[in-house]
1. How many residues does region 26-59 contain that are over 27 Å from Y120 (Cβ atoms) and under 15 Å from the mean Cα position of the chain (by Cα)?
2. Which members of region 125-150 meet the condition of being part of a loop (DSSP other than H, G, I, E, B) and either exposed (fewer than 10 other Cβ atoms within 10 Å of the Cβ) or in contact with a helix residue (DSSP H, G or I) (Cβ under 9 Å, 6 or more places away or on another chain) (or both)?
3. Taking the condition out of contact with any helix residue (DSSP H, G or I) (no Cβ under 6 Å at 6 or more places or on another chain), over 17 Å from Q99 (Cα atoms) and in a loop (DSSP other than H, G, I, E, B), does A14 pass?
4. Here are some conditions: (1) closer than 22 Å to D4 by Cβ; (2) in a loop (DSSP other than H, G, I, E, B); (3) of a type in the set (A, V, I, L, M, F, W, C). C93 meets all but one. Which one does it not meet?
5. Residues to consider are A109, A53, A8, A97; find the one that is closer than 26 Å to A135 by Cα and touching a residue at least 12 places away in the same chain (Cβ under 8 Å).
6. I'm trying to understand the selection: among the residues of region 68-92, which are modelled with pLDDT of 95 or more, out of contact with any Lys or Arg (no Cβ under 9 Å at 6 or more places or on another chain) and among the polar types (S, T, N, Q)?
Amino acid sequence: MTIDFPAAPEDKVALEGAGPFTPRFDEAGLVTAVVTDARDGALLMLAHMNREALALTLETGIAHYYSRSRGKIWKKGETSGNLQKVVEVLTDCDQDAVQLKVAVAGHDASCHTGRRSCFYRTVRLQDGAPLLEVADEQRHFDPQAVYGEGAH
């Protein structure tokens, strides 16, 4: 089964109402995916999806994303075992972003650093300069053991 996404309607009312899902991919062919935990709503990660990744996600119920740095699709958790089972897919009012509510398998971690969330640092100003502080030190798995020495 291959999903074909129809073109977005020109009519704003049609775009914002019920009816066909017509994702508006950007000039690079991507939509933004905001990923949250279906249990508690925690923000886990932000990624991008092209047509194929979005179609695979809808067809399989497992989150697939498009890696801009590697130029290819990846099945989230395929290496680490932390697969993201999609519980619900939502889209925003103009259909240029999606939210995936997921249940994470394995170690309950979505970040390649081994943390639950990719959003594990806070930003604050110190003497007028932005500074990052780690707010979540807990690692659910060892990234080097899972991904090898070149893990980043």
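1. Residues that pass the stated criteria total 5.
2. Initial filter on region 125-150 (part of a loop (DSSP other than H, G, I, E, B)): 127-128, 135-142, 148-150.
D127, G128, E137, Q138, G148, E149, G150, listed by residue number.
3. Against the criterion (out of contact with any helix residue (DSSP H, G or I) (no Cβ under 6 Å at 6 or more places or on another chain), over 17 Å from Q99 (Cα atoms) and in a loop (DSSP other than H, G, I, E, B)), A14 does not qualify.
4. Among (1) closer than 22 Å to D4 by Cβ; (2) in a loop (DSSP other than H, G, I, E, B); (3) of a type in the set (A, V, I, L, M, F, W, C), C93 violates only (1).
5. Values: A53 fails: closer than 26 Å to A135 by Cα; A8 fails: closer than 26 Å to A135 by Cα; A97 fails: closer than 26 Å to A135 by Cα.
Only one candidate passes the filter, namely A109.
6. T91
The values are calculated or read from the model by the stated rules, or taken from the named source; none is laboratory data. Given the structure is predicted, the values throughout are model-derived calculations rather than measurements. Quick reminder, even Gly has a Cβ in these numbers, built from the backbone with ideal geometry, and neighbours come from all protein chains shown.
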